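The structure under discussion appears below in the form of structure tokens.
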Amino acid sequence: QVQLVESGGNLVQVGGSLRLSCTASGIIFTVADMAWYRQAPGKQRELVAISTGRRMISYSDAVKGRFTISRDNAQNTVYLQMNSLKPEDTAVYYCQTNWNRQAYWGQGTQVTVSS
């Protein structure tokens, strides 16, 4: 059974930093594509960053240069380091992977950036 468990969301001031974590089980983590999405109130869920099993990384334009995705294969964990946070980064952040032709999502973790 595939499970994704996120943590690390919090309330932070503008310009601050947070690190989100997502620990996966039920997949072969080293070959899995792992992604972070976010959904702000009243908006569609959007892709933030992805780290593929082939070690390719990409970011949305909105976070490029401020966010860093990384993974620890020994811990089956993917991270999202978020720096220089802005109020528009406020959202629920979700970890996501596709495995055996199914999409799996974590429960989400709330990030709130206050001004």
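The values are calculated or read from the model by the stated rules, or taken from the named source; none is laboratory data. Computed from a prediction, not measured in an experiment: that's the story for all the values here. Reconstructed Cβ throughout: ideal geometry from the backbone, glycine too, with neighbour counts over all protein chains shown. Side chains included, ligands, DNA and RNA excluded: accessible areas come from the protein's heavy atoms. Shrake-Rupley method; radii C 1.70, N 1.55, O 1.52, S 1.80 Å.
Every residue, every condition in (1) of a type in the set (A, V, I, L, M, F, W, C); (2) over 21 Å from residue 1 (Cα atoms), yes or no:
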{"residue": "34", "(1), (2)": "yes, no"}
{"residue": "50", "(1), (2)": "yes, yes"}
{"residue": "55", "(1), (2)": "no, yes"}
{"residue": "66", "(1), (2)": "no, yes"}
{"residue": "84", "(1), (2)": "no, yes"}
{"residue": "93", "(1), (2)": "no, yes"}
Tell me, which strands (runs of 3 or more DSSP E) wholly within segment 1-111 include 2 or more residues that are open to solvent by less than 50 Å² (accessible area, probe 1.4 Å) and in contact with a strand residue (DSSP E or B) (Cβ under 6 Å, 6 or more places away or on another chain)? 3-7, 18-25, 34-39, 46-51, 67-72, 77-82, 91-99
